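Structure first, commentary second.
The values are calculated or read from the model by the stated rules, or taken from the named source; none is laboratory data. Not measured: the values here are computed from a predicted model. Cβ atoms come from the backbone with ideal geometry, glycine included; neighbour counts cover every protein chain shown. Surface areas here come from the heavy atoms of the whole protein model, side chains and all, with no ligands, DNA or RNA. Shrake-Rupley method; radii C 1.70, N 1.55, O 1.52, S 1.80 Å.
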Amino acid sequence: MTEARGPVWTRPAAAKPDKLTREAVVACAVDIADREGLEAVSVRRVAAELSARPMSLYSYFERKDDLVDLMVDQVLGEMLVDEVPEGDWRRALKAVLHRQIAVGRRHLWIMSQFGARAPIGPNAARHAEQSLAAIASLGLPPERSVRLLRAVDTYLWGFATLGSQELAARRRDQLTEEEWRASTDAYFEGLVAGGELPHLAEAGRHGLLRGGVDEWIAEFDEGLDWLLDGFAATLP
């Protein structure tokens, strides 16, 4: 087999065997990653889940990196909103971002991949189109629109990565949200009881830990408003 060169999107698709589809292979890999983490995904593991020969999967991609690219693009498809709200650019942008957060919480492994690879697949392109449509009413020059969205994405994925770490820890330890809160509340109270961390004690557990999903969204929106207020102040 010749060495694969360039992104999977720029290479012609290979012929497919009759019993499997690329969509089924990718969906299986995403399901494994959701349950056990991306490190659990391998060609052999996916083939076993699908009762297929590992070599048969190479009809759809030439290397594991290709498979992960396909997985990322499938999840980006889930991040598309049904319709971008019109009129209020802030409301439209928040609708796009809230959808990303909701989907990201279902696929915790996705957060790390945005810093590790270039998402340029078909759904990535559709997502970029929706993001640009959300702020189109501002009438910005194209390069400024792109810079605004990159600043927002940097904030979103930094925030989401930090938030997902706590959620991943809870899931790894097989705790409900109530059990996680009870155990971490007790830990935090013991941590600050000695009086050596007065500022953290005053801030409360949120100075160290994140809250539930409702608190998470409210905190995200407040930070986003700070960022967008700063941008709006530069508009004519």
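May I ask you to evaluate 6.51 cos²θ - 1.76 cosθ + 1.60, the Karplus curve with θ = phi - 60°, for each residue of the stretch 186-193 and list the ³J(HN,Hα) values in order in whole Hz, giving x for glycine and proline?
Karplus-based 3J(HN,Hα) across the stretch 186-193 equals 4, 4, 5, 4, x, 5, 9, 5 Hz.
Among VAL43, VAL72, VAL30, whose mean-square fluctuation peaks in a Gaussian network model of the chain (Cα, cutoff 10 Å)?
Maximum fluctuation in the GNM of the chain, among the listed residues, is at VAL43.
Hey, got a sec? Which GluC sites (Glu not before Pro) in the stretch 183-236 land in a DSSP loop and have at most 12 other Cβ atoms within 10 Å?
GLU196
Mind checking which of TYR155, TYR58, TYR187 has the largest fluctuation in a GNM of the chain, springs on alpha carbons under 10 Å?
Ranking TYR155, TYR58, TYR187 by mean-square fluctuation puts TYR187 first.
Which of the trypsin sites (Lys or Arg not before Pro) across the stretch 16-67 are loop residues per DSSP, with 10 or fewer other Cβ within 10 Å?
Values: sites: LYS19, ARG22, ARG35, ARG44, ARG45, ARG63, LYS64; in loops: LYS19, ARG63.
Taking the stretch 16-67 and a limit of 10 other Cβ atoms within 10 Å, the loop trypsin sites (Lys or Arg not before Pro) found are LYS19.
With the full set of protein chains in place, find how many percent of the accessible area of the stretch 121-236 is carbon and sulfur; take the probe as 1.4 Å.
In the stretch 121-236, the share of accessible area belonging to carbon and sulfur is 56 percent.
For the stretch 1-138, treating each Cα as an identical point scatterer without solvent, what Debye log10 I(q)/I(0) comes out at q = 0.13 1/Å?
-0.61
Divide by every residue of the chain the summed helix terms, -39500 (n - 2.57) for each DSSP H run of at least 4, and state the resulting mean residue ellipticity at 222 nm, rounded to the nearest 500 deg cm²/dmol.
Computed ellipticity for the chain at 222 nm equals -20000 deg cm²/dmol.
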